[in-house]
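No value in this document is a laboratory result; all are computed from the given coordinates. Just so we're clear, the structure is a prediction, and the values are computed from it rather than from any experiment. Cβ placement follows ideal geometry from the backbone for every residue including glycine, while neighbour counts extend to all protein chains displayed.
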Amino acid sequence: MDPVEELATKEYKWGFVTDIESETIPKGLNEDVVRLISSKKNEPSWLTEWRLTAFRQWQKMTEPRWPNVTYPPIDYQDISYYSAPRQAKKAGSMDEIDPELVKTYEKLGIPLEEQKRLSNVAVDAVFDSVSVATTAKDYLEKLGIIFCSFSEAVQKHPELIRKYLGSVVPTNDNFFAALNSAVFSDGSFCWIPKGVKCPMELSTYFRINAADTGQFERTLIVAEEGAQVSYLEGCTAPKRDTNQLHAAVVELVAQESASVKYSTVQNWYPGDKEGKGGIYNFVTKRGKCAGANSKISWTQVETGSAITWKYPSVILQGDNSVGEFYSVAVVNNRQQADTGTKMIHVGKNTRSTIVSKGISAGKGQNTYRGQVKVVKKAAGARNYTQCDSLLIGDRCGAHTFPYIEVQNHTAKVEHEASTSKISEDQIFYCKQRGVSTENAINMIVNGFCKEVFRELPMEFAVEAQKLLGVSLDGSVG
Amino acid sequence: MLEIKDLHATVGKKEILKGLSLSVKAGEVHAIMGPNGSGKSTLAQVLAGHPAYAVTGGTITYMGEDLAEKSPEDRAKEGIFLAFQYPVEIPGVSNAYFLRAGYNEIRKHRGEPELDAMDFNKLLKEKSKVLHIDESLLNRPVNEGFSGGEKKRNEIFQLAVLEPKLAILDETDSGLDIDALRAVSEGVNRLRSKDRAFLVVTHYQRLLNYIVPDFVHVLSEGRIVKSGGKELALELEKRGYDWVKAPAAAGAAR
Ligand SMILES: Nc1ncnc2c1ncn2[C@@H]1O[C@H](COP(=O)(O)OP(=O)(O)OP(=O)(O)O)[C@@H](O)[C@H]1O
Ligand SMILES: [Mg+2]
């Protein structure tokens, strides 16, 4: 047997279920459900209307069929669109949070209590459809930074929400974005005022707990002129036999000379070895470099989900703005991923960098899909794309679809691609030096991903490396 | 230390080693010579436990234990080191990181405490000075973009760091320039000790001027057909292999 196939199966260790009473609305989707969600959140009427517009657009749209993934049709009437732990309202202090929830996050490695927290990370904890706690809020408030749940922002900062919601991803952008716009439940909102450099990492930890519900969160991050922020999201879900839909929308706005760094460690339940269960991760993420000299950087480590469909993108509108996309996507067993980015060069001398590392193991199928577009007036635009695939075993697949569209002749676009395989000789070489097969694969894969990992905030780079090890273990059989 | 008796080994369906016997004691240096394709690398790979090679007969006893059932990493941890004829590249993994992983596995196996990155780097620096290895090589990815000679040197560097009991050098001299050959040989000679044995596979007498062997063996058609002292290498250099070749092959050649 091929040594890489000898690895034992390791468990998805975040697969537990929290026993907590939830309020879940009946399955099904129509205008009344949209209104119900809006009223549960006590939203202003403009937002209810915004949702309804999105819903009507969604009804006329069809699910995209172009991604290189296959799955049985989703019955959108067989999903519950809202589920919240029964807790009168969001707790004012940590002592008021249901201890079960605190325990849940503790188990996930995200302590919410003051004394146990990582000192330089603020966390918004989203459980099913609602945000249950946000840490370090007061400290950030003193700096003028707003970091709170989306629902809270709607109540307290409606003018900001109204200004920016949908400004990067319009309601009718695509099927899943329209669905999200109609039924989104909660998520995080960050606003960094002019000239402020956010002194700590902001992060949101998404947890799906309830069965048969979808998760539709909405994240909006705005960095005003000269502001800087680094944001991280993490996600896990229980092991269940049925597939669950997760359709999020993330919008980033960077004004003049502002910079937003957005990192994801996506670890939704991937399904079992035979491909049963797991999360459908259909996500729209887009940033707009609205001002000159602004910068948006996406870093993603995608190890979970049964199916991933996402293309974190940057619209480079301001002159001299910079867009980056660093991605590691791992598929194992029966996982499928169709992921990549779009870099749309509009402003002059805009620059973008794309580094994509796809790892396929087991019977996983990994697709990189990326678009680089340079419009007519984007003189001096530059893009560099590097797209590498690593295969483990011989039953998996890697596919690359780069789309390049250049309308300005002064633009420079470079694309490099490679496909390699972990060879028996590489593993034997490591073993001859005393390193086990498992550690050898880990080492080789981590070496392959190095350029991406070094973009992650320190604490999470270590986490991501471990995660990669776990998600590849046993996968390879 | 190493006792090989009537060893038969195949790769794919082809039998390469056809009844090879060899005995190596601690402190000895054995040179293995022989024509291309005679099975020298096969012997080295079999000793290291490469999964592509199957032992179909005979026994290998190392430090009093049967090697057959041991995994390659266990053999490494128990002190068998192979300097590869064709060292493998591992992109993105630094030489230092790679070596520390192996080094600490071996330490763990011996019940010794692992070294942290700082202490290990100190050790690497010392060793690299002794072997005249450019320090920049330490932080480059394992063998990636190394010249042929650098790869070979790097193997000996690893040998010096891991300090095995039985070191097998598979044509470490080919591809080395004169200075590198001297540096590598010096490195090996410095590692010679009464507890350590060397199996040195080579085509050239030249190396054996530097690393003076206790025994020289000629491998032909998967068997050792002649053994002698260091003068045998000189004679082979003069006369070639024909006169010592296995009878069947010699017959066919005529
Ligand atoms: N993986 C393999 N598949 C098929 N044949 C192999 C394989 N490995 C080795 N052989 C064959 O086994 C024989 C012995 O090879 P080996 O590499 O041991 O020779 P060698 O003595 O080291 O030769 P050289 O001096 O050229 O290095 C050769 O005929 C070679 O073609
Ligand atoms: Mg050879």
request  = Just need the relative contact order of the stretch B:1-119 here, percent rounded to a whole number, with Cα pairs under 8 Å and 6+ apart.
outcome  = 24
task = Based on a Kirkwood Rh over C-alpha pairs, give the Stokes-Einstein translational diffusion coefficient of the protein assembly as shown at 4 °C and viscosity 1.567 mPa s in µm²/s.
result = 45
query = Considering amide H positions built from the backbone, and no H for Pro or chain starts, which residues 5 or more places from A:Thr264, or on another chain, come under 5 Å of its amide H?
reply = A:Glu233, A:Thr299, A:Gln300, A:Val301
ask   = What share of all Cα pairs of the stretch A:28-72, in percent, falls into each consecutive 10 Å distance bin?
value = 23, 40, 23, 14
note = Given unit charges at Cβ for Lys, Arg (+) and Asp, Glu (-), the dipole magnitude of chain B about its Cα centre in debye, nearest 20, is 500
ask   = Over chain B, what relative contact order in percent results from Cα pairs under 8 Å that are six or more residues apart?
value = 26
query = Remind me, relative contact order of chain A in percent, using alpha carbon pairs under 8 angstrom and six or more residues apart?
reply = 12
request  = Rounded to the nearest Å, what's the spacing between the alpha carbon centres of the stretch B:61-120 and the stretch B:1-58? Just the number, please.
outcome  = 21
task = Pop out the ³J(HN,Hα) list for the stretch A:361-378 in order, Karplus 6.51 cos²θ - 1.76 cosθ + 1.60 with θ = phi - 60°, rounded to Hz; leave Gly and Pro as x.
result = 9, x, 10, x, 10, 10, 10, 9, 10, x, 10, 10, 10, 10, 7, 3, 8, 7
task = Quick one: which residues, 5 or more positions from A:Lys342 or on another chain, have an amide H under 5 Å from its amide H? H modelled 1.01 Å from N in the peptide plane, none for Pro or chain starts.
result = A:Ser313, A:Val314, A:Gln371
key: Sparse-neighbour loop sites [GluC sites (Glu not before Pro); the stretch A:242-326; at most 14 other C-beta within 10 Å; DSSP]   = A:Glu274
message = Based on alpha-carbon centroids, what's the gap between the stretch A:401-436 and the stretch A:18-55 in Å, whole number please?
response = 45
query = How high is the FRET efficiency from B:Glu235 to B:Ser147, r the C-beta distance, R0 30 Å, rounded to 0.05?
reply = 0.35
query = Residue by residue, what Karplus-based ³J(HN,Hα) values in Hz, rounded to whole numbers, does the stretch A:49-55 have, using 6.51, -1.76 and 1.60 with θ = phi - 60° and x for Gly and Pro?
reply = 5, 4, 4, 5, 4, 4, 4
inquiry  = Cross-link candidates for A:Lys27: which aspartates and glutamates have Cα within less than 12 Å, leaving aside residues fewer than 8 places away along the same chain?
reply    = A:Asp75, A:Asp78, A:Asp212
remark   = In degrees rounded to 10, the 0-90 angle between helix B:148-162 Cα long axis and the longest Cα principal axis of chain B is 70
For the protein assembly as shown, calculated [θ]222 nm from helices alone, where every DSSP H run of n ≥ 4 adds -39500 (n - 2.57) = -8000 deg cm²/dmol
ask   = Restricting to lysine pairs 8 or more places apart or on different chains, what number in the stretch A:369-477 have Cα atoms under 14 Å apart?
value = 4
remark   = Cβ density ranking, 10 Å radius, fewest first, applied to A:Ile161, A:Ile192, B:Ile4 yields B:Ile4, A:Ile161, A:Ile192
ask   = In nm, to one decimal, how far is the A:Asn408 label point from the B:Ser71 one, both placed 7 Å along Cα→Cβ?
value = 5.6
ask   = In vacuo Debye scattering of chain B, one point per C-alpha: log10 I(q)/I(0) at q = 0.07, 0.12, 0.14, 0.17 Å⁻¹?
value = -0.24, -0.71, -0.96, -1.39
query = Between A:Asn120 and A:His415, how many nm apart are label points set 7 Å from Cα along the C-beta direction?
reply = 3.8
note = Reduced to Cα centres, the span from the stretch A:186-245 to the stretch A:123-168 in Å works out to 10
